[in-house]
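Below you will find the structure I want to go over with you.
The values are calculated or read from the model by the stated rules, or taken from the named source; none is laboratory data. Predicted model only: the values in this text are computed from it and were never measured. Here the Cβ positions follow ideal geometry from the backbone for every residue, glycine too, while neighbour counts run over all protein chains shown.
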Amino acid sequence: MKADLTVDAKGLSCPMPIVRAKKGIDQLNAGEVMELITTDPGSVKDFQGWVKQTNHELLEHREEGGVYTFYVKKAE
Amino acid sequence: MTVNHLSAEQLRDKMNKGESLFILDVRNEGDYSDWKIEGKTIESLNIPYFEFLDDEDVADGRLPKDKEIVTVCAKGGSSRFVAEILDGKGFRATSLDGGMKAWSLVYNTVPVDEENQLKLYQINRMAKGCLSYMIFSRGEAAVVDPGRHIDFYMELAAREGAKITHILDSHLHADHISGGPALAEKTGSAYYITTSDLQGTPPFAYRPLEENKHIRFGDVEVEVLALQTPGHTPGSVSFFINKRFLLSGDTLFVGGLGRPDLGGKAREWAEMLYDTVFNQLNDLADDVLVLPAHFADLSEVNEKGIVGEGLGTIRRNNKAMQTTEKAAFTDMVAGAASTQTPPNYEAIIAINRGEKSVGEEEATELEIGPNRCAVHHHG
């Protein structure tokens, strides 16, 4: 999937992946897509909670060998 | 910026003193509803930390201005982050170091009874709802259902000037890793468990409870009688001490019965539980103090801080124990157990049978989460 911005939060633990994600999405325009990459398993549910609460749209997420990748579309 | 913080042990000590505390748990809603810090003097609120990212004022109207607020998360990172925000806004915020992970490792010692012949302590691993026991008599000590943090028991024995000589597991645990085999090895004492729960030959030495129904230790006669009380597992036993205390394992709780479904044979095991309740336990007097291996709810903690209740009271209050019709009892108990299973219980069972071994980090991760060994809603 094509992203307008990639936030690499690998190796960071809570709350930093979500803090980075928030900073990242603030730079985007509505409708643009951010890719977040994290290795903290604890951030997975938290990230989904944050996306839901902020009304952004989670387009896709996957896990490969302990690396979690999320694609989020910024809310209108 | 450094913000106030406290250790899980300091939090336990505050709770023991009856301090009124306000806990702000900043994990996501699912984790909070699954498992949280509870206490009779604790008020608790859940606002996930990520809500503070978009609005630092999100919690303002819901937090006390005049009281210490303890922030809690999974491992201590996000709670510090939120405590810093609150601190900057003038709240008295303190972050729990290590979060729920550290809380899951805290043990609390509560004296139950002291008489000429014995001294009995209940050891409460509060986050897990797991209870273990130490019985002291004339310089000897028995440990019942020890958790895996064996140093805790060895330190308590040292403080009491006693040598640990007997270690007993009431059954093969599914919700936490037993400290039994390791503690036996370290102290050179005998480890007792039923052969029927081990299902095979473990790599550690043990004495089968099936063949050791009367265990004595100390100069004074302290009788530990192993009752066959299957139901929660096929090999579950209760320990009847000096005909006064029934250490009931996961067979009988203050608020209910042990769940019979963790072996995939719920009805069969529920029938065994019936026979235990109406045959084995029926002969015991009402004033026997029942001390279980778990609690599910704070209402099971009495005014002395002990999880325990007279057998007569438990009989009167427990609906299942009044259901003398076997089929109805089996339906009730087997049906009630179809809720969530303890986290990682298959891996934990394999470890407790000696089929698998893990390091400290993995052991901590496996044990994190709520206790789910009781049949709920049938108090």
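Could you check, for the range B:103-110, whether at least one of its residues is in contact (Cβ under 8 Å) with a residue 12 or more places away in the chain, among the polar types (S, T, N, Q), within 11 Å of chain A (Cβ to nearest Cβ) and touching a Lys or Arg at 6+ places or on another chain (Cβ under 9 Å)?
no
Evaluate the range B:74-93: report whether one residue or more is under 21 Å from B:Ala127 (Cα atoms), of a type in the set (Val, Ile, Thr) and in contact (Cβ under 8 Å) with a residue 12 or more places away in the chain.
The answer is no, given that none of the residues of the range B:74-93 is under 21 Å from B:Ala127 (Cα atoms), of a type in the set (Val, Ile, Thr) and in contact (Cβ under 8 Å) with a residue 12 or more places away in the chain.
To continue, here is another question. Taking the range B:62-116, which residues are hydroxyl-bearing (Ser, Thr, Tyr) and either touching a strand residue (DSSP E or B) at 6+ places or on another chain (Cβ under 7 Å) or under 12 Å from B:Val3 (Cβ atoms) (or both)?
Selection gives B:Thr71, B:Ser79, B:Thr94, B:Ser95, B:Tyr107, B:Thr109.
When the residues of the range B:60-80 are narrowed to those that are more than 25 Å from B:Glu361 (Cα to Cα) and among the charged types (D, E, K, R), which ends up farthest from the other protein chains (Cβ to nearest Cβ)?
B:Asp66
Within the bounds of the range B:54-70, is there any residue that is within 30 Å of B:Gly308 (Cβ to Cβ), among the β-branched types (Val, Ile, Thr) and not assigned by the TED database to the domain that holds B:Gly179?
The answer is yes; a qualifying residue exists.
Could you look through the range A:29-76, keep only residues that are surrounded by 19 or more Cβ atoms within 10 Å (Cβ to Cβ) and of a type in the set (Phe, Trp, Tyr), and pick out the one that is farthest from the other protein chains (Cβ to nearest Cβ)?
Within the range A:29-76, the match that is farthest from the other protein chains (Cβ to nearest Cβ) is A:Tyr68.
The rows are residues; the columns are (1) more than 17 Å from B:Val237 (Cβ to Cβ); (2) surrounded by fewer than 23 Cβ atoms within 10 Å (Cβ to Cβ); (3) assigned by the TED database to the domain that holds B:Asn242.
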{"position": "B:Val277", "(1), (2), (3)": "no, no, yes"}
{"position": "B:Leu284", "(1), (2), (3)": "no, yes, yes"}
{"position": "B:Leu291", "(1), (2), (3)": "no, no, yes"}
{"position": "B:Ala296", "(1), (2), (3)": "yes, yes, yes"}
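Follow-up question, since we're still on this one. Hey, B:Glu38 hits all of (1) within 14 Å of another protein chain (Cβ to nearest Cβ); (2) of a type in the set (Asp, Glu); (3) under 30 Å from B:Tyr153 (Cβ atoms) but one; which does it fall short on?
Result: B:Glu38 fails condition (1) only.
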